[in-house]
Amino acid sequence: MENRSKIWLATGLLALLHGAVLAAGFVAPYDFAAQDRDLPYAPPSRLHFVDAQGKFHLRPFVYRWMEQPEGSGNYVADTSRAYDVHFLVGSRSGARRLFGVDEPARIFLLGTDAYGRDQLSRLLYGGRISLLAGLLAAALTLGVGLLAGAIAGYCAGWLDGIIMRGAELFLALPWLYLLFAIRAFLPLHISPAQAFFLLVSVIGLVGWARPARLVRGVVLSAKERTYVLAARSFGGSDFYLLRRHILPQTLGVLLTQAAILIPQFILAEVTLSFLGLGVGEPVPSWGNMLATLQQYSVLASYWWMFLPGLALVPVFWMYHKLADSLHGAAL
Amino acid sequence: MRYVATRLIHSAVLLAGVSILTFVFLRLAPGDFFADLRLDPQVSAQTVAALRAQAGLDQPLPVTYVRWLKSVASGNLGFSLAYNAPVAPLLWERARNTLLLAGAATLLAWLIAIVAGVGSAARQRGIADRLIGGGTSLLLAAPELLLALGLLALAVRTGRFPTGGMVSLGFAGLSVTGKIKDIALHAALPVTALVLGTLPVLVRHVRASVLEALRAPFIQAARAHGIPRRRLLLAYALPAAANPLASLFGLSVAALLSGSLLVEVVMSWPGMGPLLLEAILARDLYVVIGAVMFSTVFLVAGNLAADALLYVVDPRIRVR
């Protein structure tokens with residue numbers, strides 16, 4: 001496939017995914033905190049078209065899960081009544097949901113967790129946190145990197161020396177250790193929203209060195225171009241030269257870096273939340289959803305608890321393809 | 001000789017910089033080891049203040065830094081408040097375990113990467129190349145966390161591999177070969193996770209640099225002389241491709257260290273990862289700093305080794 005169409009395809013798919021996650025309030029059948037204590041670790045509901053009597057239904061339906069015997073964790077489908085899947089249903093809170101089934105049945109397309117919360121809903125709501133953390137942290141990193149790189153490249157001299165030595169320092173650190181160390185001495189018990197912004201700023205501020213170096217290189221070569229010298233000789237101010245002629249040159253590098261950094265930062269959020277240093281319950285993030293797998297019993301028995309981790313694979317795949325194509329296009 | 005000397009000085013400056021940076025970050029942050037104690041109504045404010053003074057946490061930043069430097073000079077690396085012991089012995093044991101893991105993974109990953117990368121470059125767009133290419137991009141998208149959890153699930157389900165720790169219960173009673181076997185069995189899963197995590201990047205780089213070398217004029221000349229393909233690849237192209245790979249070696253050590261942090265926690269390998277996590281949760285200042293410093297030292301050592309390797313494999317550097 002041609003490079004340009006690859007870029008559009010990857011961007012389109014990622015936009016779709018981010019759209020679904022942002023519209024979690026509509027796409028997800030339940031709220032992320034809605035519990036059903038009677039249905040811990042219920043397996044994914046199966047969609048049926050043919051009922052127990054062998055009759056064919058045009059509309060898909062589910063059976064209700066019953067734990068049998070009670071407390072055993074063994075679920076059987078109660079085939080006495082079929083619950084049709086309805087689309088565009090009004091929920092208890094008044095908001096419209098994409099699909100749902102009548103009470104008392106529940107539709108768990110991806111199973112439930114320890115508190116009987118719907119995995120699909122939590123996956124979608126959790127994606128908000130994890131994917132957004134990657135995007136915001138990358139924006140922060142690129143902003144800081146652009147600023148530092150532009151100053152270093154344009155001003156040169158001692159300022160350049162200081163900034164670049166600092167960048168080397170940050171590049172030399174094993175960054176997960178640094179991330180941990182900084183997170184270590186920030187308050188541990190904070191609200192999920194605070195934790196989210198704290199995480200984004202810590203992750204974002206640790207990674208500025210690489211983009212800064214790349215931007216500096218571009219700025220260094222761009223500022224010697226003849227058209228920039230011409231603009232300067234016409235009396236263009238430093239700010240004007242940077243904004244109009246030099247910084248637009250860095251766009252390609254910044255886009256490629258964004259596609260490389262975003263998956264790294266998503267993973268950083270997931271890792272920290274997995275270890276209990278990030279966003280905490282009841283707000284889901286793909287990291288803290290995976291944290292239940294630290295219990296061996298869960299790890300061995302309930303495959304659907306792996307889904308937040310498996311969801312990372314296509315996301316990363318698309319970002320990697322995007323980065324490759326962008327890099328190819330820039331050459 | 002000058003080359004080595006400048007590298008060493010560079011590393012020393014870097015280490016000093018890292019230590020100052022972590023110190024500043026950690027001391028500027030709110031809260032310390034005694035923060036939770038302050039909430040306890042049974043402990044008076046004076047007691048907490050006295051404890052803090054005893055630990056030296058009430059001193060200004062430069063003073064604590066100089067004290068810490070003195071402690072480093074005497075080989076203690078500060079004092080752990082949670083363990084009530086000097087940091088260095090604690091870290092040494094954990095660092096040894098981490099090195100064991102990371103070292104084995106580095107060796108294995110590079111061996112596989114060179115075989116797969118050269119094989120892939122030998123016939124560009126051939127079947128092997130396509131398979132390896134697809135495999136690496138899939139592995140690249142699979143995070144280490146997922147790999148580790150997946151392997152662990154496999155271990156729990158099959159019961160073939162131990163699911164945590166580094167040694168079995170009856171370790172002390174085993175013979176020397178038994179001990180080695182036991183540790184190897186425990187290390188198998190974490191090492192596999194680490195190798196799978198670092199492999200894709202390495203394979204891609206090996207392939208790219210061998211392909212690059214194959215395009216060089218002297219290879220064309222060698223081919224024209226009728227030198228067989230295998231010999232061309234291994235004796236001509238691979239050494240020419242060694243320069244970028246030697247530089248990558250240092251980076252791969254960094255990636256393995258960061259990766260092993262997580263894998264150790266997931267697979268409860270008694271390395272620096274779990275120690276660091278505990279220290280973070282207990283806000284044990286000097287253990288955190290010690291762990292960061294240790295990992296930086298490993299990293300610097302990895303880079304130095306890469307530079308030395310470069311010096312050996314690339315005659316152009318020796319001339320300079």
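Which value in deg cm²/dmol, rounded to the nearest 500, describes the helix-derived mean residue ellipticity at 222 nm for the protein assembly as shown, given -39,500 (n - 2.57) per DSSP H run of n ≥ 4 and division by the residue count?
-21500 deg cm²/dmol
For the range B:256-272, in order, what is each residue's ³J(HN,Hα) by Karplus, 6.51 cos²θ - 1.76 cosθ + 1.60 with θ = phi - 60°, in whole Hz (x at glycine and Pro)?
For the range B:256-272, the Karplus-derived couplings read 5, 5, 5, x, 5, 3, 6, 4, 4, 5, 5, 9, 6, 7, x, x, 6 Hz, x marking Gly and Pro.
State, to one decimal in nm, how far the label point of A:Leu17 lies from the label point of A:Asp238, with both points 7 Å from Cα in the Cβ direction.
The modelled label-to-label distance comes out at 4.2 nm.
Seen from all sides and averaged, what is the projected area of the convex hull of the Cα atoms in the protein assembly as shown, in nm²?
That works out to 39.9 nm², a quarter of the Cα hull's surface.
Can you give the three extents of the C-alpha atoms in the range A:51-164 along their principal axes, from longest to shortest, in whole Å?
83, 34, 28 Å, listed from the longest principal axis down.
Put +1 on the Cβ of every Lys and Arg and -1 on every Asp and Glu Cβ in the range B:208-279; which of B:Leu232, B:Leu248, B:Leu262 then has its Cα farthest towards the positive end of the dipole?
B:Leu232
Give the average, rounded to an integer, of partner chain Cβ atoms located within 10 angstrom of each Cβ in B:137-149. Walk me through the numbers on the way to the answer.
On the way: counts 5, 3, 1, 5, 11, 6, 10, 2, 11, 12, 1, 2, 8.
That works out to 6 on average.
Using the Cα atoms as the points, what is the convex hull volume per residue of chain A in Å³?
Output value, Cα hull per residue: 182 Å³.
Listing B:Val287, B:Val4 from the residue with the fewest other Cβ atoms within 10 Å to the one with the most, what is the order?
The most exposed by this proxy come first: B:Val4, B:Val287.
Quick one: P(r) of the range B:228-320 from all Cα-Cα pairs, 10 Å bins, percents rounded to integers, in order of increasing distance.
Calculated over all Cα pairs of the range B:228-320, the distribution is 16, 31, 24, 17, 10, 2, 0 percent.
Compute the signed sum of charges (Lys and Arg +1, Asp and Glu -1) over the other residues within less than 15 Å, Cβ to Cβ, of B:Ala12.
Result for the neighbourhood of B:Ala12: 0.
Using R₀ = 25 Å, calculate the FRET efficiency as 1/(1 + (r/R₀)^6) where r is the Cβ-Cβ separation of B:Gln59 and B:Leu281; round to 0.05.
The computed FRET efficiency comes out at 0.55.
Inside 10 Å of the C-beta atoms of A:147-156, what's the mean count of C-beta atoms belonging to other chains?
What the average comes to for A:147-156 is 0.
Under the Kirkwood approximation for Rh and a Cα-based Rg, what ratio Rg/Rh is obtained for the range B:187-272?
My calculation of the ratio gives 1.18.
Over the alpha-carbon set of the range A:235-331, divide Rg by the Kirkwood Rh and report the Rg/Rh ratio to two decimals. All intermediate terms of the calculation are to be shown ahead of the outcome.
Details: Rg = 19.9 Å, Rh = 16.2 Å.
That ratio is 1.23, to two decimals.
Once you place label points 7 Å from the Cα toward the Cβ at B:Arg123 and B:His225, how far apart are they in nm?
In this crude label model, B:Arg123 to B:His225 measures out at 2.6 nm.
Return the sequence-ordered ³J(HN,Hα) values of the range A:277-285 in whole Hz as given by the Karplus equation 6.51 cos²θ - 1.76 cosθ + 1.60 applied to θ = phi - 60°, using x for Gly and Pro.
9, x, 5, x, 4, x, 5, x, 9
Check A:Thr112: other-chain or 5+ apart residues with amide H under 5 Å from its amide H, H built from backbone geometry?
A:Tyr41, A:Ala42, A:Gln119
Quick one: Debye curve from the C-alpha atoms of the range A:1-88, no solvent, what's log10 I(q)/I(0) at q = 0.24 Å⁻¹?
These q points yield log10 I(q)/I(0) values of -1.18.
Relative to the longest principal axis of chain A, what angle (0 to 90°, nearest 10) does the C-alpha long axis of helix A:209-222 take?
Rounded to the nearest ten degrees, it is 40.
Taking chain B as the region of interest, what is the percent of Cα-Cα pairs per 20 angstrom bin, listed from the shortest bin to the one with the maximum distance?
Bin by bin from 0 Å, the calculated values are 26, 48, 23, 3, 0.
Quick one: 3J(HN,Hα) in Hz for the range B:287-292, Karplus 6.51/-1.76/1.60 with θ = phi - 60°, rounded, Gly and Pro as x.
Calculated HN-Hα couplings, in order: 5, 4, 4, x, 5, 4 Hz.
Give the average, rounded to an integer, of partner chain Cβ atoms located within 10 angstrom of each Cβ in A:265-272.
2
Each value in this text was obtained by applying a stated rule to the coordinates, not by laboratory testing. Model, not experiment: these values are computed from the prediction. FYI the Cβ positions are ideal-geometry reconstructions off the backbone, even for glycines, and counts take in every protein chain you see.
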